[in-house]
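The values are calculated or read from the model by the stated rules, or taken from the named source; none is laboratory data. Every value quoted in this text rests on a predicted model; they were computed, and no experiment measured them. All Cβ positions, glycine included, derive from the backbone under ideal geometry; neighbour counts span all protein chains shown.
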Amino acid sequence: MKLYISCDMEGVAGVCAWQQVDARNSHPEYEIYRRYYTQEVKAAVAGARAAGVTEFLVNDSHGPMRNLDLEAFDSDVRVIFGNRKTFSMVQDADAGFAGAFFVGYHGGAGDADAVLCHTYTPSVIYEVRLNGMRCSEATLNAALLGYYGVPLLMITGDRTTVEDVRSQMPWVHGAIVKESIGNFAANTMLPGSACELIRAAAAEAVQNVSRAQLFRVEPPVTLDVDLVSAAQAHLVATIPGFERVGSRGVRFVHDDYAVVFKSFVATWRLGGQA
């Protein structure tokens, strides 16, 4: 059995400030939380392995996307490292996988009680909707998994993040490692306890893989993106296939969700240049 893991840092136990997850500015807390991040992903691998998974592909999906301590993993685990990937947080998540985990995920832009909530790029993306459904990163990414025939089995993070996903995908197992207090504080489990919880949830999720379903967005898929500024919307609207909808909004419609997803990636990459 082959498992895909997409992992992020904001949903890791103890994380409540940007400095803890910012690899670019060499803040001393980053190295500490990079270790906790690695431990949580390693716990997810251990739980899945105990339940019978034999192959793993881990996609480091946070910031520069090269945060994990690779030496911490068993030699048979493969890792996608580095950014500017066509499918970003779900690169190479094809039909060869029996299921997927989202580890350390966070809430979507605008969530009231989700630590460090945002949707891909907070300086660019204000809100995203698929066929009118408000989306977090988890929603967008799970839809691409579903497009390729891969069910989401488990998500870890704060309560808002986990419960939001389970409201859309009730078959998904959740590991709630912290309770958000607004966007910059949390009542959190300690790292060791969080890893124990994740390990147990991972094993249970794999054991119940037969009950999992695919999360799919039915075509035609309408992608609506509200940008942070009108200047960003003006620039994104120059991409063929996009139309401007209001001062900060753009829209893209297509039958193929993989095309829609790549178009969404283009919005925040180009919008960041405005």
Can you tell me which residue among Arg24, Arg49 is among the basic types (Lys, Arg) and either modelled with pLDDT of 95 or more or under 18 Å from Val162 (Cα atoms) (or both)? Arg49
Considering residues of the range 251-271 that are among the small types (Gly, Ala, Ser) and within 18 Å of the chain's Cα centre (by Cα) only, the residue surrounded by the most Cβ atoms within 10 Å (Cβ to Cβ): Ser263
Let me spell it out: the conditions are (1) more than 18 Å from the chain's Cα centre (by Cα); (2) outside any helix (DSSP H, G or I); (3) in contact (Cβ under 8 Å) with a residue 24 or more places away in the chain, and Ala200 meets all of them except one. Which number is the exception? (2)
Search the range 82-99 for residues that are without any contact (Cβ under 8 Å) to a residue 60 or more places away in the chain and pair each with any residue that is in a loop (DSSP other than H, G, I, E, B) and among the aromatic types (Phe, Trp, Tyr) when their beta-carbon atoms are under 7 Å apart and the residues are at least 6 apart or on different chains. Asp94/Tyr148; Ala95/Tyr148
If only one of Thr121, Thr156 is within 14 Å of the chain's Cα centre (by Cα) and surrounded by fewer than 21 Cβ atoms within 10 Å (Cβ to Cβ), which one is it? Thr121
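Scan the range 194-220 residue by residue and report those that are of a type in the set (S, T, N, Q) and within 30 Å of His254 (Cα to Cα). Even if it seems obvious, please write down each step before you answer.
Residues of the range 194-220 that are of a type in the set (S, T, N, Q), as a first pass: 207-208, 210, 213.
Hit for the range 194-220 is Gln213, nothing else.
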Quick one: would you say Ser88 is polar (S, T, N, Q) and closer than 22 Å to Met169 by Cα? yes
If I filter the range 1-23 down to residues being crowded, with 24+ Cβ neighbours inside 10 Å and in a strand (DSSP E or B), which single residue comes out as farthest from the chain's Cα centre (by Cα)? Leu3
Return yes or no: is Ala142 in a loop (DSSP other than H, G, I, E, B), at pLDDT 95 or above and under 15 Å from Ile5 (Cα atoms)? no
Taking the range 97-135 and keeping residues of a type in the set (Phe, Trp, Tyr) and either outside any loop (DSSP other than H, G, I, E, B) or at pLDDT below 95 (or both) leaves Phe101, Phe102, Tyr105, Tyr126
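Counting only residues that are at pLDDT 95 or above and over 22 Å from the mean Cα position of the chain (by Cα), how many does the range 212-250 have? Reasoning before the result, please.
Here is the first cut: in the range 212-250, the residues at pLDDT 95 or above are 212-245, 247-250.
From what's left, over 22 Å from the mean Cα position of the chain (by Cα): 219-220, 229-245, 247-250.
Count: 23.
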Quickly run through the range 24-67 and pick out the residues that are outside any helix (DSSP H, G or I), among the aliphatic types (A, V, I, L, M) and over 18 Å from the mean Cα position of the chain (by Cα). Ala51, Val53
Quick one: how many residues across the range 49-83 are touching a helix residue (DSSP H, G or I) at 6+ places or on another chain (Cβ under 6 Å) and aromatic (Phe, Trp, Tyr)? 1
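Looking only at the range 68-91, filter to residues that are assigned to a loop (DSSP other than H, G, I, E, B) and of a type in the set (D, E, K, R); which one of those is nearest to Ala46 (Cα to Cα)? Give the derivation first.
Filtering the range 68-91 down to residues assigned to a loop (DSSP other than H, G, I, E, B) leaves 68-69, 73-77, 81-87, 91.
Checking which are of a type in the set (D, E, K, R) leaves us with 69, 74, 76, 84-85.
Details: Asp69: 16, Asp74: 10, Asp76: 12, Arg84: 29, Lys85: 27 Å.
Looking at residues that are assigned to a loop (DSSP other than H, G, I, E, B) and of a type in the set (D, E, K, R), I get Asp74.
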